[in-house]
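Read the figures in this text as sums done on the coordinates, not as results from a lab. Note that this is a predicted model, so its numbers are computed, not measured. In this analysis, Cβ positions are derived from the backbone assuming ideal geometry, glycine residues included, and neighbour counts consider all displayed protein chains.
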Amino acid sequence: MMFKDTEQHTALRRTIREFAETEVKPIAFMLDQNNEFPEAAIHLLGEMGYMGIPYPTQYGGAGLDARSYAIAVEELARVDGGTGVILSAHVSLGSYPIFAFGTEAQKEKYLVPLAKGEKIGAFGLTEPNAGSDAGGTETTAVLQGDHYILNGGKIFITNAPYADTYVVMAVTTPDIGTRGISAFIVEKGWEGFTFGDHYDKLGIRSSSTAELIFNDVKVPKENLLGKEGMGFKIAMSTLDGGRIGIAAQALGIAQGAYENALEYSKERVQFGKPICQQQGIAFKLADMATKLRCARLLIYSAADLKEAHEPYGMESAMAKQYASDIALEVVNDAVQIFGGTGYLKGMDVERAYRDAKITTIYEGTNEIQRVVIAAHILGPAGR
Ligand code: CAA
């Protein structure tokens, strides 16, 4: 396995970085303060062909590899953690299950506009009583003639209410646990499908997060993804890939904070020399750089395994857990290097400090990542 960006990766990184620097960075603080979704930037990203990076061109995607997707999320998150997760949730959670489990007709109808960036995707798994215990899903889908009738609700849904297409998990056969859960493609605008209030969050405030409410929503039978009872496995394998995206988001947030702190440490003079020449700061920078490199290598190893169609669930859990854990350490050190200045609103490191925290929580808390890793190492005994 080669841990070096290819020319194609380098070129993509340059393009996305330029986009992020010109289209996102100048508005990132305003988006954060206003809790505002970067609609124009996301639209532009779609026009540039980057909302469907890892999907084949025949489905409207860019036909690039999983590492390219991770690079894109990282580069967006480097300037704005919220914009990074918009892409991640759209590609990994909203689009992937349709790509991997959809019929040709479902792909044509739903994946193509998602991959082209004409529509935005989201994923409805979490509920008030089904967070870490995703198998505790209570939303129901009851077959009546040609439709399933969907009732219940989802919480903490990234990209809602902006998303057009939702992959939603619901119980079709009660009392048999995870094997009774099915996955459905649900469109915004269908009668009975409404949204709760936007959440007002600590960080990633440019990404929107809202509740989904289903009140007798008629979902056509042909919108069942896979077969009845496959929903939990669809959700779990979707999250295997999604965790690469969140790892890349965490890495990007931390990378941005590190670069800012590095630059500042060269300019800030105390005791007659730049603070980067004080060993206390130099060692911090050394540790930050090392952690970032470890996280990047873990992420690329998971992405390359996914690309090679090899098992990668353990590696993506490791990447997500490690990258988000070190992201918190790195942003903390970055604020420390800035001192009081870094604590001020409007400073990029202050926003990064707030943005980073969620990455240890969503797409499976880091405690759940360790459950997944331990189960891979130990089998059922690891639970
Ligand atoms: N791929 C395919 N199948 C899988 C799988 C995987 N990765 N993991 C488990 N399964 C299968 C199992 O093989 C098992 O199959 P059988 O019924 O045939 O035996 C079935 O699923 C049930 O598996 P478990 O017994 O392991 O399930 P569990 O109820 O013990 O739960 C868990 C396991 C890992 C804790 C799981 O509930 C989990 O991942 N929880 C965290 C949920 C999560 O990550 N939520 C994130 C929401 S999305 C989000 O956060 C997005 C955002 O905002 C950006």
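Miscellaneous remarks
- As a length-normalised measure over Cα pairs under 8 Å and 6 or more apart, the relative contact order of the stretch 55-187 settles at 21 percent.
- With semi-axes defined as the square roots of five times the eigenvalues of the C-alpha gyration tensor, the equivalent ellipsoid of the stretch 256-379 measures 33, 15, 11 Å, largest first.
- Three-way shape call for the stretch 133-244 based on the alpha-carbon gyration tensor, with the a/c threshold at 1.5: oblate
- Here is the P(r) of the stretch 270-323: all C-alpha pair distances, binned every 10 Å from 0, give 25, 31, 19, 16, 8, 1 in whole percents.
- Candidates 268, 205, 296, ranked by Gaussian network fluctuation over the chain, Cα under 10 Å, top entry: 268
- Evaluated with a Cβ-only charge set (Lys, Arg +1; Asp, Glu -1), the stretch 289-383 carries a dipole of roughly 160 debye about its Cα centre, given to the nearest 20.
- Global geometry of the stretch 1-155, whether rounded, prolate or oblate, following the gyration tensor of its Cα atoms and the 1.5 cut on a/c: prolate
- Convex hull per residue volume in Å³, alpha carbons only, for the stretch 99-196: 114
- Other residues lying with their Cβ under 11 Å from the Cβ of residue 18 contribute a combined charge of +1, Lys and Arg counting +1, Asp and Glu -1.
- Pairs from the list 116/233; 154/306; 201/357; 109/306; 4/284 with a Cα-Cα gap above 18 Å: 116/233; 154/306; 109/306; 4/284.
- Overall dimensions of the chain by Cα: Rg and Dmax, Å: 20.7, 79
- Cα shape, the stretch 187-344, gyration tensor, a/c 1.5 rule: oblate
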